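This report refers to the structure that appears directly beneath it.
The values are calculated or read from the model by the stated rules, or taken from the named source; none is laboratory data. All values reported here derive from a predicted model rather than from experimental measurement. Note that we place each Cβ from the backbone using ideal geometry, even for glycine, and neighbour counts take in every protein chain shown.
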Amino acid sequence: MKIGYLVERDSAPLQSAPYDGRSIHVQQVIQALTALGHEVCLLVCEHGQVWQSVDLTHFEPVTIHWLEHGILGVIIRSLKTLWGKLALPELALLENLRFLLLCRCWLATCDVFYERVSWLGYGGMMAAKWLAKPFVLEVNGDALAEAQQMGVLPRGWQHRWECWFMQKLFAQATHIVTAGEGWRQSVLYRWRIDPAKVTTIDNGSQLVTLLQRESLQAFRDTAGASEVNVVYLGGFYAWHGVPCLLKAYAQAIERGAQLHLFLIGNGPGLADSQALVRALGIETHCTFTGVLPTEQYAAYLAKAAIGVSPYCGRKEYTGLKLFDYLAAGLAIIASGEQGQPALLTHGHTAWIVPPCKEEALTQALLLLGSDGALRQSLGRAARLQAEQHHSWQHTAQDLEQLFSRLFSFEYGRADFSRSTGQND
């Protein structure tokens, strides 16, 4: 099968490190689908330019000469600049038309289009309709909720207009894939989509293959260790809950916990988190590593015993970090409520705490920091679950089954139309 993978907005840097969670997700899905024998053609917008790649190594800029040059090109670039300043949905139309035409030129022979959803990015959907291809939309977040938390949510008529565009995008998708059950519920509620059109397909982790069991703390004798390593892996955004974690961690240290916290990643809240560590007086108990490539952060996770996922202020509690924690055999402390995160079981693979509750997080750190047997039990169960269900190969196999079903349905429908003369 030939798959067109679309990233329509500047959101996932793919051409050079450091790669963020979005980039890693795209790379791993493409590599896993390729390993299954599929041809994946990536069309990605990066730094205002659209690029094509079939191997994630060589990226070729793609353009339409008559659209990019001359007077028309000047007008389009001017409107793009204006759109960047004013963020008016009307001005996004030209960008979407350009992406539509690029898809039609470069991906016309693909069997299915698979697009990572982006706000006001509907060029891929229009191209799929034009070419009569199945169009699958991938949802890894809630753009409206995140915009609200960052204080950039559009207001008034602009908000209504943009939501109308997105409603059309979701409604016209052939199918929608969500990276967690929370995102699935969010899509059903916010965009009023038929539940039969939305499927949850879990992410995976490279660490399933990068880390061997015998290298992990959960499978080693660490009874004599004087200090337990705790790791936080991810971004420093408002909904990631790092301030809550740091305050809870400071309380655990004050109450005698022998812990050291490694914080791996970057984001707009990093400087504030570093200042909070100084204000709490826990500098000697914390290490900020910055963004690390997978091979390097894997080494930190292999030496850790506890992984923390303190999401606070969002409706989905499953992120890529949880899959890495599972694969690294960590005793996981994770925010959750109402059955989320669905991939974790309290007391078996993780210790679930209410979101944004510092005292509950402190108690969990104290418990797992002092109970080596519980840490080991949780970590071993986590690793075994990852081996059985959470490699990127599992993710790709689930996508393969979905794409094959949708392609067979579309092909069968087209064949029926031809046989009955409906296209004459």
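Observations on the model:
- Filter pass, ARG190 being in contact with a helix residue (DSSP H, G or I) (Cβ under 9 Å, 6 or more places away or on another chain), of a type in the set (Lys, Arg) and either surrounded by fewer than 18 Cβ atoms within 10 Å (Cβ to Cβ) or within 30 Å of GLN27 (Cα to Cα) (or both): yes
- Selection status of TYR325, modelled with pLDDT under 95, closer than 30 Å to LEU144 by Cβ and aromatic (Phe, Trp, Tyr): no
- Among the residues of the stretch 201-221, those identified as among the polar types (S, T, N, Q) and in contact (Cβ under 8 Å) with a residue 60 or more places away in the chain are ASN203, SER205, GLN206, THR209, SER215, GLN217.
- Scanning the stretch 97-135 for residues that are surrounded by fewer than 23 Cβ atoms within 10 Å (Cβ to Cβ), within 18 Å of LEU406 (Cα to Cα) and of a type outside the set (D, E, K, R) yields ALA108, THR109, MET126, TRP130, LEU131, ALA132, PRO134.
- Single match in ARG375, ARG380 (criterion: charged (D, E, K, R) and crowded, with 19+ Cβ neighbours inside 10 Å): ARG375
- Any chance LEU368 is touching a Lys or Arg at 6+ places or on another chain (Cβ under 7 Å), closer than 22 Å to LEU246 by Cβ and buried (at least 18 other Cβ atoms within 10 Å of the Cβ): yes
- Helices (runs of 4 or more DSSP H) enclosed by the stretch 261-336 - at least 3 residues per element that are surrounded by fewer than 20 Cβ atoms within 10 Å (Cβ to Cβ) and not β-branched (Val, Ile, Thr): 270-280, 294-303
- Considering the stretch 17-58, the residues that are of a type in the set (S, T, N, Q) and closer than 14 Å to ALA396 by Cα include one that is surrounded by the most Cβ atoms within 10 Å (Cβ to Cβ), namely GLN28.
- Figure legend. Inter-residue proximity from the stretch 86-111: first residues part of a loop (DSSP other than H, G, I, E, B), second residues at pLDDT below 90 and aromatic (Phe, Trp, Tyr), beta-carbon distance below 6 Å, spacing 6+ or different chains. Indicated pairs: ASP111/PHE407.
- From the options ALA12, ALA35, ALA17, residue that is modelled with pLDDT of 90 or more and at negative phi: ALA35
- Test: residue in the stretch 169-183 that is more than 29 Å from TRP51 (Cα to Cα) and crowded, with 18+ Cβ neighbours inside 10 Å: yes
- Test: residue in the stretch 197-218 that is more than 23 Å from GLN385 (Cβ to Cβ) and assigned by TED's automatic domain parsing to the domain that holds PHE403: yes
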